[in-house]
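Chemist: Before I ask anything, here is the structure I am working with.
The values are calculated or read from the model by the stated rules, or taken from the named source; none is laboratory data. Predicted model only: the values in this text are computed from it and were never measured. Quick reminder, even Gly has a Cβ in these numbers, built from the backbone with ideal geometry, and neighbours come from all protein chains shown. Protein only, heavy atoms only, side chains kept; ligands, DNA and RNA dropped before computing areas. Shrake-Rupley method; radii C 1.70, N 1.55, O 1.52, S 1.80 Å.
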Amino acid sequence: MEEDELLDQEHVEKRLSPHPLSFMGLQSLCIFLIVWGLVFGWIVNFSDFRGLFSNVLLQIAVWGLVLLVVAVIASIIKVLWRIFFLYLTVVLVALGLIYWLNLYDSSTVFLPVYTVVVSILGFLLVELFRRSHKYIISNQRLVFKGGVITREQRTLRYDKITDINTKQGIL
């Protein structure tokens, strides 16, 4: 918070940022993608079941179906359908790349690598989102600043606080 944004008789007590684990819900979606990409790559390339996946369409169907089933389960648990649409976008982009770049013959390599790369990009975006959040505690109010594409600022004066609820998970 800049000096010209301070109220009369106000001074900043602390400037805080969210803990890296505070966005673990979003990071767990990326962790699943890494795990699924590695497991799928092992299944179609090195396991005893690789003969079952000689058909490219079966590979793509199993890969996409597992992603979408997990997305539906996660969306129902979190009551947040953005998760489903995010994973659906990952599947549709992969299908588009396979079709336009004619990667049918190399799908046993492309799908696992694509999945891991998308998850790494997801981790980077979650970290960018986390670092964009700032909490400023002054002697008169709380200020939240955050957002990557659009900036948001919320201010709450101490005299307007009527109730405080807290919830802390195991982490």
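Chemist: Does segment 130-152 hold any residues that are open to solvent by 80 Å² or more (accessible area, probe 1.4 Å) and touching a Phe, Trp or Tyr at 6+ places or on another chain (Cβ under 7 Å), and which are they? Don't jump to the end; show me each part of the working.
Modeler: Restricting attention to segment 130-152, the residues satisfying the condition of being open to solvent by 80 Å² or more (accessible area, probe 1.4 Å) are 131, 134-135, 149-152.
135 - this is the single residue of segment 130-152 that is open to solvent by 80 Å² or more (accessible area, probe 1.4 Å) and touching a Phe, Trp or Tyr at 6+ places or on another chain (Cβ under 7 Å).
Chemist: Related question: Condition first: assigned to a loop (DSSP other than H, G, I, E, B) and either touching a helix residue (DSSP H, G or I) at 6+ places or on another chain (Cβ under 8 Å) or farther than 16 Å from residue 133 by Cα (or both). Now tell me which residues in segment 16-41 satisfy that. Talk me through it step by step, then tell me what you get.
Modeler: Our first condition is that a residue be assigned to a loop (DSSP other than H, G, I, E, B); within segment 16-41, this holds for 17-19.
Listed by number, the residues that qualify are 17, 18.
Chemist: Provide a single number: the residues in segment 96-119 that are more than 20 Å from residue 27 (Cβ to Cβ), open to solvent by 70 Å² or more (accessible area, probe 1.4 Å) and touching a Gly at 6+ places or on another chain (Cβ under 9 Å).
Modeler: Count: 2.
Yes or no, residue by residue, for (1) open to solvent by 60 Å² or more (accessible area, probe 1.4 Å); (2) in contact with a strand residue (DSSP E or B) (Cβ under 9 Å, 6 or more places away or on another chain); (3) within 30 Å of residue 156 (Cα to Cα); (4) of a type in the set (D, E, K, R):
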position: 17; (1), (2), (3), (4): yes, yes, yes, no
position: 29; (1), (2), (3), (4): no, no, no, no
position: 61; (1), (2), (3), (4): no, no, no, no
position: 65; (1), (2), (3), (4): yes, no, no, no
position: 77; (1), (2), (3), (4): yes, no, no, no
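Chemist: Residue check, residue 13 against (1) open to solvent by 90 Å² or more (accessible area, probe 1.4 Å); (2) closer than 19 Å to residue 134 by Cα; (3) out of contact with any Ser or Thr (no Cβ under 9 Å at 6 or more places or on another chain), all met but one. Which one?
Modeler: Failing condition for residue 13: (3).
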